[in-house]
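Just below is one structure, and these are the notes that go with it.
The values are calculated or read from the model by the stated rules, or taken from the named source; none is laboratory data. Remember, it's a predicted structure, so these values are computed and weren't measured experimentally. Cβ placement follows ideal geometry from the backbone for every residue including glycine, while neighbour counts extend to all protein chains displayed. The area values use the complete protein model at the heavy-atom level, side chains included, leaving out ligands, DNA and RNA. Shrake-Rupley method; radii C 1.70, N 1.55, O 1.52, S 1.80 Å.
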Amino acid sequence: MKVEDLYPGVRKVIARTPRLPFAHRFLLPVSRLVYNVTAATKLPDGVSVSIETMGGVDVFAFEPDARTSESAILWMFGGGHWAGKPSHLNAIAGFAARKLGVPIYVPSYRLAPRHPFPADLEDCHAVWKHLVENAERLKFDPDRIALAGNSAGGGLAAVLAQKIRDEGGTQPIAQCLLYPMLEDRTAADRSLDQINHFIWNNKANYEAWRAYLSPHKPGAEIIPDYAAAGRCLDLAGLPSTWIGICDLDLFCAENEDYSERLTVAGVECEVYRVEGVPHAFEVLAPDTHIAIDFQRSAIDFLRRALNVHE
């Protein structure tokens, strides 16, 4: 991919963004440290954050100054399953909490390679159960909880929805997936290594999936259930879905495939595709109109799904 492929409004900032050595296994600690420091976003006014322990997991609770709904959102941060932290969602989770008037809960889940699958899913599932069981005390309706996530967090939201569906009981009302990381088989296609994807390339993707799936390898014939959302054969019965797709993103094809399979399975699925942008573009260029429209589409979907009035 060339710089000229980028939408003009984001071209300069994307071109200036340094490539972290995510693809080099021995530099993983350095890459994680740099990413965790540089990816933090600013919390908007009108929202406060506290840390609570839910199901044995530390959770960042984004609370709007004024609640206007009995709904809530469980939102997972991104970082390839081996980096990231809740404060990276300060901007989007804070903005959504304020605009929707709902609390948003972001688990500080465990990360690979020290804690490979299923550690992060177990953490997020424990928080989900805590929210459902303590909804009355937390002052929201357990039948009006949505799931959301960015990148690897979007993949976590997707597999969490699958797991909750399979277990039965209280179900999420919707899932909002921003450029989700869904398919280990993308990483296994080493021909994609030759494409110079901005921000997140397939070499980094392979190392992330390798660390996460250990001892299994990306693309193996059999991997554990719920390890990769795209591996699920039956998508029927999942909640209504919004998927944000970036057309220069490595995940573009797997995101499109998942959205099409959801529709075929009878799940209401809304796709918002942005041309000329790479993975997580709206974090790097938040003030551009395409980034604002991208986030607005996600929040408008959540507004409709949660039946929140403006």
Please determine whether any residue of segment 130-144 is at pLDDT 95 or above, open to solvent by 10 Å² or more (accessible area, probe 1.4 Å), out of contact with any helix residue (DSSP H, G or I) (no Cβ under 7 Å at 6 or more places or on another chain) and among the aromatic types (Phe, Trp, Tyr). yes
With over 29 Å from Phe140 (Cα atoms) and either of a type in the set (Val, Ile, Thr) or surrounded by fewer than 16 Cβ atoms within 10 Å (Cβ to Cβ) (or both) as the only criterion, which of Asp257, Asp293 stands out? Asp257
Counting just the residues of segment 262-284 that are out of contact with any strand residue (DSSP E or B) (no Cβ under 9 Å at 6 or more places or on another chain) and not in a loop (DSSP other than H, G, I, E, B), which one comes out surrounded by the fewest Cβ atoms within 10 Å (Cβ to Cβ)? Val264
Select from segment 177-201 the residues that are touching a helix residue (DSSP H, G or I) at 6+ places or on another chain (Cβ under 6 Å), modelled with pLDDT under 95 and either among the basic types (Lys, Arg) or crowded, with 18+ Cβ neighbours inside 10 Å (or both) and list them in ascending order. Phe198
Confirm whether Arg110 is open to solvent by 30 Å² or more (accessible area, probe 1.4 Å), within 17 Å of Ala157 (Cα to Cα) and not in a helix (DSSP H, G or I). yes
Which pairs have Cβ atoms under 9 Å, sit 6 or more apart or on different chains, and link a residue in segment 288-302 that is more than 12 Å from Val274 (Cβ to Cβ) to one that is in a helix (DSSP H, G or I) and hydroxyl-bearing (Ser, Thr, Tyr)? none
Could you grab the pairs with beta carbons closer than 6 Å, sequence gap of 6+ or different chains, first residue in segment 154-173 and open to solvent by 50 Å² or more (accessible area, probe 1.4 Å), second one small (Gly, Ala, Ser) and assigned to a helix (DSSP H, G or I)? Ile173/Ala305
Of the residues in segment 24-74 that are of a type in the set (S, T, N, Q), part of a helix (DSSP H, G or I) and in contact (Cβ under 8 Å) with a residue 40 or more places away in the chain, the one that is most open to solvent (accessible area, probe 1.4 Å) is Asn36
Among (1) outside any loop (DSSP other than H, G, I, E, B); (2) of a type in the set (D, E, K, R); (3) open to solvent by 70 Å² or more (accessible area, probe 1.4 Å), there is one condition Asp287 misses while meeting the rest; what is its number? (1)
